[in-house]
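The values are calculated or read from the model by the stated rules, or taken from the named source; none is laboratory data. Only a predicted model underlies this, so the values are computations on that prediction, with no experimental measurement involved. Note that we place each Cβ from the backbone using ideal geometry, even for glycine, and neighbour counts take in every protein chain shown.
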Amino acid sequence: MLQEKVHDKPIICNIDEAGQNVLELPKEISEHFDEIFQTIDADPEVWNIKQYNLRVSSLEEVFIEIGEREKREEAKLLGDKGDLPQEN
């Protein structure tokens, strides 16, 4: 359902500290939130969803993620994995 709304944009899925699935969605999908949430709310069991939350990343989180991604990309280019943070 989400992928058809974002087309070629990536949806990143991680597991947080509490073991919950966290989806990072591109901002372009926000125009479809109403439709997506109505679909989920109409029959959450179909989607295997017990609850969901919506959160906007802080600017600090965005910069930390950008820095970690840059480090991973640099390590790939250099062929050195070292002790760099791994993407969840």
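Residue-by-condition table, conditions (1) loosely packed, with under 12 Cβ neighbours inside 10 Å; (2) part of a strand (DSSP E or B):
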residue	(1), (2)
10	yes, no
13	yes, yes
22	no, yes
31	yes, no
38	yes, no
51	yes, no
56	yes, no
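All of (1) over 15 Å from the mean Cα position of the chain (by Cα); (2) modelled with pLDDT under 80 hold for residue 5 with one exception: (1).
Note on the stretch 58-80: residues that are outside any helix (DSSP H, G or I) and under 19 Å from residue 16 (Cβ atoms) total 1.
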